[in-house]
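Q: The structure that follows is given in the form of structure tokens.
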Amino acid sequence: MSAPAWGRCADLADAAGDRREGTAPPADHWLLIEHPGPWEQLALTSPGLEPAALTTWAARYGGRVALIRRPGRRRDTGPRRWFRVDSRPGHEGILTGEYRDTTELATLPFHSGRSWARPLTLVCTHGKHDPCCAVRGRPLAAALAGADPDGTWECSHLGGCRFAPAVVLLPHGFTFGGVDPAEAAGIVRSYAEGILEPAKLRGRSSLPPVVQTAHHHARAATGARGVDDLRLVAAERDGDERWRVTFDDPACTVVLRERFRSLDRPLTCAARRPGRVQVFDLLEAGP
């Protein structure tokens, strides 16, 4: 994969020190569909899928549809697996089943399927969408699969390609960026034990960007590391640019200033124009 004229987006973001917090892809629910590939640049247009039905499902449930496959080359035999994940705080859970036709997935009763008790780890490796995801994601997915072959899946585009490799821990939807293969197994293992490693955490998919960012600063201020710590109480505007976000268990209030920042480079390898990002500056954090 040749690098674009500007350079690869993840390399540029690393060099610029782009902030990761507040950049997790939005999703209250996830529909994961096993599809061995190839994946088109727009994943839902890949062979054998029904994009209209799947897009309808996503709109109905505030969800995100992602294609998944096992790391490495595997033969496509037999029925494929699906997962439906609820990532809302207090409702976390995973259901699973098998399918032969993707039209079945959009019409299944929402709570159908067998309960899946173990966490799932997704690693974006969608090279047709952004080469950084493949270059950085595939070695990470292979390393994680060696430690947890049942729970690890490669997945299609998640968002925030400049933070590749992207890792999502389900059911909570905690999203990490720039994870090194040497540290990844420890992050996944801690999550399975109910502990969240804050380094390189982008946020939680079921929370809006301002709350994801406040969550990051509240963890730093309180030292909270439990996956269910810091229950959101309120997120309110305090003027035109300020936000006040309040948490409980443990108690913490975070005040942020919202602004938009124009960059001198594109945000993805495929983009042709400089990008613009939303930024939340910390003003105060404490009980």
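Q: Considering every residue within segment 39-57, establish whether at least one is part of a strand (DSSP E or B) and small (Gly, Ala, Ser).
A: Looking for residues that are part of a strand (DSSP E or B) and small (Gly, Ala, Ser), one finds none in segment 39-57, hence no.
Q: Would you confirm, using the coordinates I've provided, whether ASP18 is within 30 Å of ASP264 (Cα to Cα), charged (D, E, K, R) and not in a loop (DSSP other than H, G, I, E, B)?
A: Considered against the rule, which asks whether it is within 30 Å of ASP264 (Cα to Cα), charged (D, E, K, R) and not in a loop (DSSP other than H, G, I, E, B), ASP18 comes out as no.
Q: Looking only at residues that are in contact (Cβ under 8 Å) with a residue 24 or more places away in the chain, in contact with an Asp or Glu (Cβ under 7 Å, 6 or more places away or on another chain) and of a type in the set (S, T, N, Q) in segment 171-222, which one is nearest to TRP30 (Cα to Cα)?
A: SER206
Q: Right, here's the next one. Of the numbered conditions (1) at pLDDT 95 or above; (2) out of contact with any Ser or Thr (no Cβ under 7 Å at 6 or more places or on another chain); (3) more than 30 Å from ALA270 (Cα to Cα), THR213 satisfies every one except a single condition; which is it?
A: Every listed condition holds for THR213 apart from (3).
Q: From the set of residues in segment 269-287 that are part of a loop (DSSP other than H, G, I, E, B) and either of a type outside the set (Lys, Arg) or outside the structural domain of ASP229 (by TED's automatic domain parsing) (or both), which is surrounded by the fewest Cβ atoms within 10 Å (Cβ to Cβ)?
A: Among those that are part of a loop (DSSP other than H, G, I, E, B) and either of a type outside the set (Lys, Arg) or outside the structural domain of ASP229 (by TED's automatic domain parsing) (or both), it is PRO287.
Q: Going through segment 93-105 one residue at a time, which ones are assigned to a helix (DSSP H, G or I) and in contact (Cβ under 8 Å) with a residue 12 or more places away in the chain?
A: THR103, LEU105, listed by residue number.
Q: Output the residues belonging to segment 230-268 that are of a type in the set (A, V, I, L, M, F, W, C) and either in the same structural domain as VAL135 (by TED's automatic domain parsing) or in contact with a His (Cβ under 9 Å, 6 or more places away or on another chain) (or both).
A: Correct list: LEU230, LEU232, VAL245, PHE247, CYS252, VAL254, LEU256.
Q: Could you check THR213 against (1) of a type in the set (Val, Ile, Thr); (2) in a helix (DSSP H, G or I); (3) over 24 Å from PRO287 (Cα atoms) and say which number it fails?
A: All conditions pass for THR213, except number (3).
Q: Would you point out the residue of segment 14-73, among those that are within 17 Å of the chain's Cα centre (by Cα) and small (Gly, Ala, Ser), that is surrounded by the fewest Cβ atoms within 10 Å (Cβ to Cβ)?
A: Of everything passing the filter in segment 14-73, GLY62 is surrounded by the fewest Cβ atoms within 10 Å (Cβ to Cβ).
Q: Which residues, counting only those in segment 20-55, are touching a Leu at 6+ places or on another chain (Cβ under 7 Å), small (Gly, Ala, Ser) and over 20 Å from VAL85 (Cα atoms)?
A: SER46
Q: Tell me yes or no: at least one residue of segment 122-131 is in the same structural domain as PRO26 (by TED's automatic domain parsing), at pLDDT 95 or above, more than 28 Å from ARG265 (Cβ to Cβ) and part of a strand (DSSP E or B).
A: No, every residue in segment 122-131 fails to be in the same structural domain as PRO26 (by TED's automatic domain parsing), at pLDDT 95 or above, more than 28 Å from ARG265 (Cβ to Cβ) and part of a strand (DSSP E or B).
Q: Please determine whether any residue of segment 84-92 is under 22 Å from LEU158 (Cβ atoms), assigned to a loop (DSSP other than H, G, I, E, B) and modelled with pLDDT under 95.
A: Within segment 84-92 (the criterion being under 22 Å from LEU158 (Cβ atoms), assigned to a loop (DSSP other than H, G, I, E, B) and modelled with pLDDT under 95), the answer is no, since none of the residues qualifies.
Q: So if I check each of ARG202, ARG189, ARG225, which one is closer than 29 Å to ALA145 by Cβ and crowded, with 19+ Cβ neighbours inside 10 Å?
A: Answer to the check: ARG202.
Q: Let me confirm something: among GLY62, GLY72, which residue is at pLDDT below 85, farther than 22 Å from SER115 by Cβ and assigned by TED's automatic domain parsing to the domain that holds GLY137?
A: GLY72
Q: Would you pick out the residues in segment 239-268 that are buried (at least 17 other Cβ atoms within 10 Å of the Cβ) and aromatic (Phe, Trp, Tyr)?
A: TRP243, PHE247
The values are calculated or read from the model by the stated rules, or taken from the named source; none is laboratory data. Just so we're clear, the structure is a prediction, and the values are computed from it rather than from any experiment. Note that each Cβ is placed from the backbone with ideal geometry, even for glycine, and that neighbours are counted across all protein chains shown.
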